[in-house]
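To keep things clear, I will list the structure first and then write my remarks on it.
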Amino acid sequence: METNNYEAAVIFTPVLSETQLKEAVKTYRELITANKGTIVNEESWGLTKLAYNIQKKSSGFYHFFEFNVSPDFIKAFDIQLRRDERVLRFINLKLDKHALLYNERRKNGEFSKAKKAQKQTATT
Amino acid sequence: MAKGGKKKNFVFNNRHKNMPKKYCRFKKSGIKYIDYKDADFLMKFINDQGKILPRRLSGNSLKYQRKVSISIKRARHMAILPFVADGLKD
């Protein structure tokens, strides 16, 4: 079956406790794997300040999933996120080849704090 | 006389000659994907009110200006960048 690469970013409410957050992340991880998807990468920013208030909350838990799944699943995934009251905001993106390459490099930490040092070496 | 008068009133705009030529940074450095998660990078393309800078200021090519604007809008949706701001850059 044909599969595509997707990236989902989810903001969970700051009201959740640590165990509740883990549980929430786990449900989505299992939802992906239960539908013959494979998780490529996950990233968590922890409790982060929002640029503006959402549902009167000024912060949230950012969590990013990168996964490979068939396109039919995305609609169901979308509905699941929409129904969930623990989720403030989410986005589902299909990744093209440039995005995949970028994410691969990001995963290896090429764009983290070493970025500036790298840039300097590149110019010299 | 009329011809001469016209020439006198004409102001030559030579400012552009002294300015460095603008270029598309994505074309120059070979960036293919603009990440919506990277707020610091996207900050380069918005003004202090949070508005997207036009192409004539940023120098982006049309192809990458479109990608920049999509990335900024995604970042706004995910509350990584603000929709409206005041004094974003000081």
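Just so you know, all these numbers are worked out from the coordinates, no wet-lab data involved. In this text, all values refer to a predicted model and were calculated from it rather than measured experimentally. Cβ sites come from the backbone with ideal geometry, for glycine too, and all protein chains shown count toward neighbours.
The Rg/Rh ratio for chain A, using Cα coordinates for both the radius of gyration and the Kirkwood hydrodynamic radius, is 1.02. Averaged over the residues of peptide A:64-74, the number of Cβ atoms from other protein chains lying within 10 Å of each residue's Cβ is 0. Neighbours of residue A:41, meaning other residues whose beta-carbon lies under 15 angstrom from its beta-carbon, give a summed charge of -2 when Lys and Arg score +1 and Asp and Glu score -1.
Only helices enter this figure: runs of n ≥ 4 DSSP H residues, each worth -39500 (n - 2.57), summed and divided by the residues of chain A, yield -12500 deg cm²/dmol at 222 nm to the nearest 500. Debye calculation, C-alpha points only, no solvent: report log10 I(q)/I(0) for the protein assembly as shown at q = 0.15, 0.18 Å⁻¹, in the same order as the q values. Computed log10 I(q)/I(0) values: -1.10, -1.43.
Summary of the geometry: the range A:20-46 and the range B:11-90, compared by the centres of their Cα atoms, lie 33 Å apart.
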